């Protein structure tokens, strides 16, 4: 029986386990990436392991998130990352060089390799044929140290693309359509593999837009074949030697198949406040728009920017609209500056932001109160923009640029002939903003600013785990809810004790105070708890507050892994109806906890307040059981090293 793309790469990198969906496997990681909002913690954890140099083929530390420097904190963290990277064999991409996923696609991604990144949008690398997975910083630190990455063998969903996109319809519309079909939890436990005649019509950056937002499906990752289109992209990046062909066997098997007819697609928008709340632009057009933001790791490529420049050329942004544009990399920005496209944008009234994540992560450009903001980004969770009352719509660059001119949500097909932009035969190559590591790392002094504080480490699981249900939450609670990530808090990513004071405050401003007063306790959640970012701070901040377990209807993949890594019990209701049998304030007890965790997936949790037993599940591998018993991955790793 033939193999699909996912099976081929995993087979080549498999260290342990069998390729049976739902079974735990471990794979060798070729490359890692970090960014500065998760990277500081990842490198602190790497240092704690005592390994002198990274053991991957290439590891890159990017500065792209915390680039607004209103105080010393961000600059201090950047200096720490730069020096720790030099010491331990990691390439350092300086602030201004661009967004990690855009730059990695341009300069470092290699088809057929594995990439683990401390950012949930690492699957962008699937656009070039990598098995690229987002994870918590501790998992990335272990991979840098040469350790395997563990995951449940995913199912593989084949998405067949038929036909060809019509004028004014974009790659963004393909992934929005898939989100409409599957929802934000429809990809959990799966890898999305793209196939069909439509694949050949998509450039690598267009493919990367699609794999980038596969994260919003909850998927482990997404991947395209590595074909002649991939080869041409790498050749244009002066990296043709990195190309390898990677295609699925003709008789490859899949667990699921979805067909999307590109000929029939039209411009789409994700409405507030979820990436799967999809509508046709033609059906909701005319909505007054206050802000348009173009960029992010989803839509900031050279071709995206050139299309926007062509739409804006010779025109003026509507007086009621604030238009901001952030090219994704120094490469893209420099090419726009050289060919005059940047001047066209500026002349039209666009405000040009630096090549960084910026508004996508709430780092600046918060909309006005009650504003409608059209964004080419990947997430539109409530309050993520920095303005709680704002309504954020996710759209393609074409829809965004057209609407910036008219002042209302506009179907770009009404503008006439679509601009024709071709991929360049050669990109501008200048890697002078990437600093290689020092040859002799032992000579480098690591610089630590005063904002870098020790991170919390759990203790061994006790025999009795007890505490109050401190808060009861609904469905689709995001990591933005659990550990807010805005311009005021991002500078404190290396200071967990400070961050913990804001844990879950978007849901309940009194939560941190109540958690401390009660000596910790439990969190009760609904479906898809912890969706969104890979940030392990959404597990570390609760750990700092003494959280012992989270009981939810279901978990998002990365957040569940981060809870396990922190030694926090990730429990699901055996019967979802039991969610209604726990109220905030109830006293909960897990007796004989160590024995219960050792002996099986189903545990009995006592609700002492209501005098009832509730069955909960923890679907853990034997290795994860040992991690929970040890009180987290660092304790488990230390104990294993001691043995």
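Things to note:
- Order of 124, 38, 387 under a 10 Å beta carbon neighbour criterion, fewest first: 387, 38, 124
- Gyration tensor verdict on segment 313-409 (Cα atoms; rounded if a/c is under 1.5, prolate if a/b is larger than b/c, oblate otherwise): oblate
- Take the Cα of residue 608, go 7 Å toward its beta carbon, and the backbone nitrogen atoms of segment 496-537 under 20 Å from that spot belong to 514-524.
- Rounded Å value of the spacing that divides the Cα centres of segment 1-78 and segment 166-219: 23
- With a Förster radius of 25 Å applied to the C-beta separation of residue 320 and residue 343, the computed FRET efficiency comes to 0.55.
- Counting only DSSP H runs of at least 4 residues, each contributing -39500 (n - 2.57), and dividing by the residue count of the chain, the helix-based mean residue ellipticity at 222 nm comes to -8000 deg cm²/dmol.
- Sorted by Cβ density within 10 Å, fewest first, the residues 177, 216: 177, 216
- Compactness of the chain as Cα Rg over 2.2 N^0.38 Å, two decimals: 0.92
- Per-peptide packing, taken as the mean over residues of other Cβ atoms within 10 Å, places 57-64, 346-353 in the sequence 57-64, 346-353 from highest down.
- Segment 435-493 and segment 262-339: distance between their alpha carbon centers, rounded to Å: 33
- Cα gyration tensor shape for segment 465-642, rounded if a/c is under 1.5, else prolate or oblate: oblate
- Overall form of segment 243-396: oblate. Here a/c, set by the Cα gyration tensor axes a ≥ b ≥ c, is 1.5 or more, and a/b is not larger than b/c.
- With R₀ set to 45 Å, the beta-carbon distance separating residue 488 from residue 442 gives a calculated FRET efficiency near 0.75.
- Once you reduce segment 569-643 and segment 504-540 to the center of their Cα atoms, the two points are 17 Å from each other.
- Cα long-axis angle, helix 330-339 against the chain (0 to 90 degrees, to the nearest 10): 10
- Extension gain from residue 244 to residue 592, taking 0.36 nm per residue of separation minus the Cα-Cα distance: 120.0 nm
- Relative packing of peptides 451-459, 89-97, 305-313 - highest average C-beta neighbours within 10 Å first: 305-313, 89-97, 451-459
- Fully extended contour minus Cα-Cα distance, from residue 256 to residue 19, at 0.36 nm per residue: 83.7 nm
- Calculated FRET efficiency for the pair residue 232/residue 69, C-beta based, R₀ 45 Å, to 0.05: 0.70
- Per-residue Cβ neighbour rank within 10 angstrom, fewest leading, 6, 247: 247, 6
The numbers here are math on the coordinates, done by the rules we state, and not lab data. Remember, predicted model here, so these are calculated numbers, not experimental data. When we count neighbours, we look across all protein chains shown, and the Cβ atoms used for this are built from the backbone with ideal geometry, even at glycine.
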